[in-house]
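To start, the structure under review is shown below, and the notes come after it.
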Amino acid sequence: MRIVVVGLGQTGQELAKELIDGGHEITVIDTNKEIVEDFTNHIDAIGIVGSGASKEVQLKAKTNIADVLIALSPTDEVNLMSCISAKLLGAKYTIARISATEYIKDEEYLTKDLGIDLIINEEYETATQIARIVGYPSNVRADAFANGKVDVIELKIKEDSILAGVKITKVKEVLKENLIIAAIIRNEKLIIPRGNAEIKVDDEVYLIAKNSEMYKLLKSLKLIEKPIKSIFLVGCGKIGTYLLKIFEQMKMKVKVVEFDREKCIETSNQFPDITVIHGNGIDSDMLIEEGIKEYDCCIAVTGEDEINLVVTLFAWSYKVRKLITKVVSVSYTKMLHNVEINNTLSPHLIVLSSIHRFIRGITEKGKREESIKSLYRFADNEAEAIEFEINKNFIGIGNKLKEIKLKKDIVVAFVIRNNKVIMPNGETTFEVNDRVIVIVSADKNVGNLVEIIEE
């Protein structure tokens, strides 16, 4: 496909590289000439210098014959105008990243009336994921997909773990719960386990189960603990503001530390029942004075990775029970994992997942078939859980799972039928309108169910 990417920040560059690896023809647009030249000197992409909102620039980028334009500049209005212009010129699909809180209420207007096909608010999505993590045990990284029906948890296997040395085929028997071992990271390598594979000490194991059964699973793993009731939040930008709205509804005790004085005043006025402190998040004396060690959870979401890293490690040194960190750099994520701080989130990875889900839904005929309903990346972004909807043209309709030969390193995890989650076995059939959750290596770029079947 012909794809135009507006904005060569970290997200734009990473996306363009991944799309090129996927065989797409990429044109990039950015106002910074040096960034454009440096990127196109190393990557097989066409570079255009200028504003993505400009008709002249878009014509140079041949947006009029593009399949997709993706606007990822740092300015919401540029992204929205880029998409509107691209549609008027003839681009088939447009995607805009936005961050302003006021645009959340306008999503229907932006998509239906202005014709933008996908709106992504990474700050809001990051905040909702953080709020979800707060509800899980401290030594477990967790998330949900398939509209909250299915949860995935990441678990580091220690010597005293009930799963150490257990074969995949025996996990259900040991835990006496229904679950899928979706992936294992061992020595920094991804394994999609099947058959007699064995779980080993120091493995990072990803377990998937129904949301309704996750509590029982955590209890079997002896991971249940007291719920989080108090939160120490460092950074109150857009993500922090979204979080405060959620925590206000959850009736959490929250203390906020924010460096920007005007933002402190604004936050204090908006949330009068929440304590807001004007201070530097890396001031250890201030953190101690404000009682960080007395809180159940510390969340660092400033705009600087280094500050978030220092705050998190400081809170870890004082044994704060749960730590959640926003980072962009993958190297920082790995550093935190080394000290067993696993609840790190990267907003730009949320953006990438949303865009890949959308693009893979475009068929070879250039049409969008909503077969991919959700796409969730995990295991250091190397594995994917993809939710497909089965339509009447699927070749496997009516067939039992045991009659279908799957490609290597692919697992059918769940089938959702009539809003009920089914853990499939060899006798499970595929029916029209079923939703099927498949676990697969991210580098396979699976776009539809047919691609998981061995010819």
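Values quoted throughout were computed directly from the atomic coordinates according to the rules given, and no laboratory measurement underlies them. These figures come from a predicted structure and were not determined experimentally. Every residue, glycine among them, receives a Cβ derived from its backbone with ideal geometry; neighbour counts consider all protein chains shown.
Cα to Cα, under 19 Å, and not fewer than 8 places away if on the same chain: which lysines meet these conditions relative to Lys407?
Lys444
Can you list the lysines whose alpha carbon is less than 23 Å from that of Lys255, not counting same-chain residues fewer than 8 positions off?
Qualifying lysines at Cα under 23 Å: Lys226, Lys229, Lys238, Lys245, Lys263, Lys293, Lys319, Lys322, Lys326.
Could you work out the local net charge near Val150, counting Lys and Arg as +1, Asp and Glu as -1, over the other residues with Cβ closer than 9 Å to its Cβ? Please report the intermediate quantities before stating the final value.
Values: positive: Lys149, Lys210; negative: Asp151, Glu387.
Spelling it out: positives minus negatives among the neighbours equals 0.
Run a plain Debye calculation on the stretch 144-220 (Cα atoms as equal point scatterers, no solvent) and give log10 I(q)/I(0) at q = 0.22, 0.26 Å⁻¹, rounded to two decimals, same order as the q list.
Those come out to -1.03, -1.36, one per q.
Which trypsin sites (Lys or Arg not before Pro) in the stretch 167-228 sit in a loop by DSSP (not H, G, I, E or B) and have at most 13 other Cβ atoms within 10 Å of their own Cβ? Don't skip to the end; give the middle numbers.
Working: sites: Lys167, Lys170, Lys172, Lys176, Arg186, Lys189, Arg194, Lys200, Lys210, Lys216, Lys219, Lys222; in loops: Lys176, Arg194, Lys200, Lys222.
Hits after loop and neighbour filter: Lys176, Lys222.
Which of the lysines could a cross-linker bridge to Lys62, judged by Cα under 16 Å and excluding same-chain residues fewer than eight apart?
Cross-link targets: Lys87, Lys92.
For the chain, what proportion of DSSP beta bridges, expressed in % and rounded to the nearest 5, is antiparallel? Could you put the intermediate results ahead of the total?
Details: 46 of 87 bridges.
Taking every DSSP beta bridge with both residues in the chain, the antiparallel ones total about 55 percent.
Show me the GluC sites (Glu not before Pro) within the stretch 129-236 that DSSP assigns to loop and that have at most 13 other Cβ atoms within 10 Å of their Cβ.
Glu159, Glu188
If neighbour count is taken as other Cβ atoms inside 10 Å, put Thr40, Thr344 in order from fewest to most. Mind dumping the intermediate values first?
Numbers: Thr40 18, Thr344 22.
Starting with the residue having the fewest Cβ neighbours, the order is Thr40, Thr344.
Which of Phe414, Phe247 has the fewest other C-beta atoms within 10 Å, and how do the rest follow up to the most? List each step's numbers first, then the result.
Values: Phe414 25, Phe247 22.
Lowest count first: Phe247, Phe414.
What is the distance in Å between the Cα centroid of the stretch 414-455 and that of the stretch 275-320?
Between the Cα centres of the stretch 414-455 and the stretch 275-320 lies a distance of 43 Å.
Can you report the principal axis dimensions of the chain using only the alpha carbons, biggest first, rounded to whole angstrom?
63, 58, 40
To the nearest Å, what is the center-to-center distance of the stretch 201-231 and the stretch 142-168, using C-alpha atoms only?
Taking the Cα centre of each part, the stretch 201-231 and the stretch 142-168 sit 7 Å apart.
Determine, for Asp409, Asp44, the number of other Cβ atoms within 10 Å of each Cβ, and report the residues in order from fewest to most.
Numbers: Asp409 16, Asp44 10.
Fewest-to-most Cβ neighbours within 10 Å comes out as Asp44, Asp409.
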